[in-house]
Amino acid sequence: MSTETASGHHLSTPHPALSTRNRLSSWLDREDVLGYILVAPVALVVLGFLAYPFGLALWLSLTDKVIGGDAHYVGLQNYERIWQNGIFQGAVRNTLIFTASSIAAKLPIGFALALLLNEKIRFRKAFRSAVLLPWIIPTVLSAMAWLWLYNPNFSILNYVIANLGLGRGIRWLTDPNIALFSVVLVNVWRGTPFYAITLLAGMQAIPNELYEATSIDGANRWQRFRHVTLPLVMPIMLITLLLSTIGTFSDFATIYSITGGGPMNATQVISTYSYGTALGAGRMGEGAAISLTMFPFLMVMMIWEIRWLMKRQSA
Amino acid sequence: MQPASVSRRRLIGLIAAASALPLAVACGATAPAATSVPAKAAEAPKPAEAAKPAQPAAAPPATSAKPGGSLAGTKLTILTGNSFVPAQDKLVDNMVADLGQQTGMDAKVERPGAQMAAKIATIIESGAGGDIAIMADTDPFLYGDKLADVSEIASEIDKAWGGWYDVAKQSCIVDGKWRALSVGHAPCAWNYRTDMFKAAGIDKFPDTFDELTEAAAKLHAKGTPMGMTLGHAGGDGRSTNYPVLWAHGGKEFQKDGRTVALESPETLKSIEWYVKIFKYLDPASLAWLDPDNNQAFLAGKVSAMTNVNTVYLAARDAAATDPEKKKLIENMDHANWPSGPAGRVASHNINLWAGFGNSKNRDGQFAFFRGWFDKKFLVPYTKVGQSYFIPPLADIEKEDAWPDDPKLKIFRELNKINRVIGWEGPPTRAVAEMVSKFVLVDMYAQAVTGKMTPTEAMKWAANEYKQAAAKL
């Protein structure tokens with residue numbers, strides 16, 4: 001097909017379909033456009049499966065909704081009530097201790113494991129697979145195994161302690177002062193592989209040339225770790241820390257299966273308390289409010305970490 | 001100024017963080033339902049190994065519906081738990097199959113296990129997923145008119161069986177209407193080792209709470225302590241501790257179900273009694289969950305504890321091949337609760353049948369209920385359970401529904417002393433909340449461990465009750 005121009009020249013014009021394709025192609029060449037298109041399916045999933053339940057939970061928390069009843073707006077009444085409740089206050093305290101202690105243990109252990117698995121050792125692949133096991137096993141199943149180890153009647157751990165002549169054993173679940181740390185230990189055992197494997201992936205992405213260059217400059221092992229490994233692994237470590245904090249904060253199955261929140265609410269956390277209120281007493285509105293009290297804590301942490309990441313990237 | 005660009009790393013980081021946070025918070029209230037959480041209502045109250053049952057064949061149920069009648073082509077889904085006497089489950093399955101055959105109805109049984117509480121909530125909210133479910137004693141008060149009015153059937157059963165026990169009426173009638181039908185209660189007895197009691201110089205199980213303390217001291221001195229569940233155990237925590245309160249004259253609510261009555265000299269006495277006896281109990285019982293008292297007793301670690309009959313049934317079943325279990329069943333027995341200043345009272349787990357009000361098959365629901373309470377089904381069902389579950393109906397006394405084993409005799413007496421939680425009031429939502437939060441159990445636990453004085457523990461618990469009652 002051709003058209004005549006004002007000057008009388010004949011120009012060949014592209015086929016309309018071809019022209020549209022070209023335009024689309026050049027449009028898609030723009031990184032900002034393509035980026036949003038690629039993200040769109042995930043964004044839809046986030047909106048449908050995450051934002052909607054979140055919005056619904058937020059709405060429920062402002063109502064007197066009970067199972068089978070209508071929801072009436074009550075403002076912040078649920079929040080006022082739970083904030084005055086002693087068991088809830090204990091649950092918040094326990095949740096913070098549980099999360100902080102667990103993260104404080106998982107991060108260094110996971111880091112050490114990642115460093116070890118990054119070395120050229122025999123059976124490295126087998127070790128890497130084995131490290132993942134606690135993380136792969138369903139939570140309730142591993143909780144049952146730990147329940148046997150801690151069993152108030154026949155603790156296997158206490159049996160070992162007694163046979164080693166180290167005393168009569170520890171009241172893992174019976175002593176309210178120890179019970180919370182017993183469940184922290186289970187969470188650490190279960191969550192450490194996540195740190196180890198993600199940090200290992202980060203370490204493997206570090207170019208070997210950097211280590212070689214620093215070695216030539218006379219850096220020792222510690223200096224290589226301090227000035228190469230740690231700074232380059234830091235972004236992935238923060239993402240891992242963020243995801244792990246959220247997961248630990250809302251851990252339900254571990255605690256519910258091992259102690260049910262007892263003894264005397266010594267291991268009661270926000271998630272178990274929320275469950276009891278929402279399904280035990282049918283108070284969905286209040287249960288949602290309890291659950292949503294996690295939000296400010298997690299939000300602060302998330303903002304801090306994302307800011308740090310963005311600052312680091314722009315630097 | 002450079003335009004902002006979306007780097008891949010930042011994008012991934014932002015998406016990961018943005019996705020995880022609302023998920024964690026939004027799922028806080030709902031995610032537990034997807035985990036293996038013990039069901040609160042429909043599960044049988046005590047875990048134990050399989051028990052050996054007798055095997056009388058259950059006759060097909062007599063229903064009001066005729067073959068090929070109005071029920072033909074309809075569907076009926078019945079949600080129930082797993083009995084710890086498996087033969088009972090088989091009878092239920094057979095009865096439902098017969099009902100389907102007789103009526104042409106597509107009737108089926110589902111056992112959601114740990115998901116039962118969440119499933120009931122879902123059906124109540126959505127109207128889909130089931131027609132009938134087994135529930136706990138507080139559920140009719142939680143769901144009210146969302147459950148079918150079964151007053152007509154309750155009245156028929158009342159006439160056919162010589163009357164319902166009060167405990168059934170108290171847990172099923174809401175605002176003058178029957179919202180459920182009591183399947184029965186699982187009597188919780190004192191399981192005790194006769195050989196250990198004899199070795200401690202005790203000839204018979206104590207008849208009063210003071211005698212119980214004396215016996216506990218003697219058994220403790222012999223290295224064979226008793227145990228009382230003080231952990232967050234859904235079944236045993238309740239059946240062990242509520243009788244202590246009631247036998248001393250304490251109560252949670254006044255008759256109106258709104259006025260908290262826990263703070264009283266009677267409650268204080270019950271806490272002081274617990275503090276005294278706990279010195280002699282196995283300290284591990286502070287963290288006992290439902291299976292732990294069974295384990296401790298079966299292993300001979302404790303000389304007595306409270307439980308349904310499943311420990312004995314399981315041991316009896318294993319006795320043929322296991323000499324240890326044979327020895328155990330020879331040296332154990334069951335006893336009634338001791339009598340306190342206010343009498344002899346027990347707290348058995350109660351199960352109820354309820355029909356969902358939003359079901360499209362009301363006639364099918366009624367046909368099932370009539371089939372269940374037909375003597376041809378209910379008598380063999382009860383007999384097979386060996387008093388594991390007893391229907392709260394007067395005329396069950398006259399039927400051949402009782403176990404022949406003399407060591408199970410006391411359960412017939414225990415059948416008559418059950419009390420509904422929340423006493424003296426009805427089992428309201430506030431009562432359910434206190435049960436789910438283990439407030440009464442923790443009241444005793446905090447006092448016996450010295451974390452609080454008895455008075456402080458009572459005031460703490462009363463305060464929790466008042467906060468729950470204020471929401472009614």
HN-Hα J in Hz across the range A:199-215 - Karplus 6.51, -1.76, 1.60, θ = phi - 60°, x for Gly and Pro: 5, 4, 4, x, 5, 6, 7, 6, x, 5, 4, 4, 5, 4, 4, 5, 5
Relative contact order of the range A:177-280, defined on C-alpha pairs under 8 angstrom at six or more residues apart (%): 34
Percent RCO, i.e. relative contact order, over the range B:237-308, from Cα pairs under 8 Å lying at least 6 residues apart: 25
Estimated [θ] at 222 nm from DSSP helical runs (n ≥ 4, -39500 (n - 2.57)) normalised by residues in chain B, nearest 500: -12500 deg cm²/dmol
Karplus-derived 3J(HN,Hα), 6.51/-1.76/1.60, for each residue of the range A:226-236, Hz, glycine and proline x: 5, 9, 10, 4, 4, x, 7, 8, 3, x, 5
For the range B:348-353, 3J(HN,Hα) per residue [Karplus equation, 6.51 cos²θ - 1.76 cosθ + 1.60, θ = phi - 60°, Hz, x = Gly/Pro]: 9, 5, 10, 10, 10, 9
Hydrodynamic radius (Kirkwood) for the protein assembly as shown, which is based on Cα pairs only, to one decimal in Å: 29.4
Sites B:Glu156 and A:Leu166 - FRET efficiency at Förster radius 56 Å, r taken between beta-carbons, to 0.05: 0.25
Nonlocal amide H pairs with B:Ile350, under 5 Å, H built at 1.01 Å: B:Asp137
Size-normalised alpha-carbon gyration radius of chain B, reference 2.2 N^0.38 Å: 1.06
Euclidean distance between Cα centres, the range B:102-157 to the range A:75-145, Å: 38
Gaussian network model of chain A, Cα within-10 Å springs - most flexible of A:Pro152, A:Pro138, A:Pro41: A:Pro41
A:Met310 versus A:Gln84: modelled label distance in nm, points set 7 Å from Cα along the beta carbon direction: 4.0
Rh (Kirkwood; distinct C-alpha pairs) - the range B:299-455, Å: 19.1
Pairwise FRET efficiency - B:Ala128 versus B:Glu456, Cβ, R0 = 56 Å, nearest 0.05: 0.70
Amide H contacts of A:Thr63 (H built 1.01 Å from N, under 5 Å, at least 5 apart or other chain): A:Val74
Kyte-Doolittle mean at least -0.5 and Cα axial length at least 24 Å: DSSP H helices in chain B: B:8-26
Inter-part distance where the range A:205-254 and the range B:370-411 are each reduced to a Cα centre, Å: 67
Exposure rule at most 10 other beta-carbon atoms within 10 Å, DSSP loop trypsin sites (Lys or Arg not before Pro): chain A longest free segment: A:169-315
Cα coordinate range in the range A:86-314, projected on the principal axes (Å, largest first): 65, 50, 26
Relative contact order, percent, chain B [alpha-carbon distance under 8 Å, six or more residues apart]: 25
B:Lys327-B:Ser264 pseudo-label distance in nm [points 7 Å out on the Cα-to-Cβ vector]: 4.7
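Read-outs: derived from the displayed coordinates by stated rules, not from any lab. As the structure is a prediction and not an experimental result, all values here were calculated from the model. Ideal geometry is used to build each Cβ from the backbone, glycine not excepted, and the neighbour counts take in all protein chains shown.
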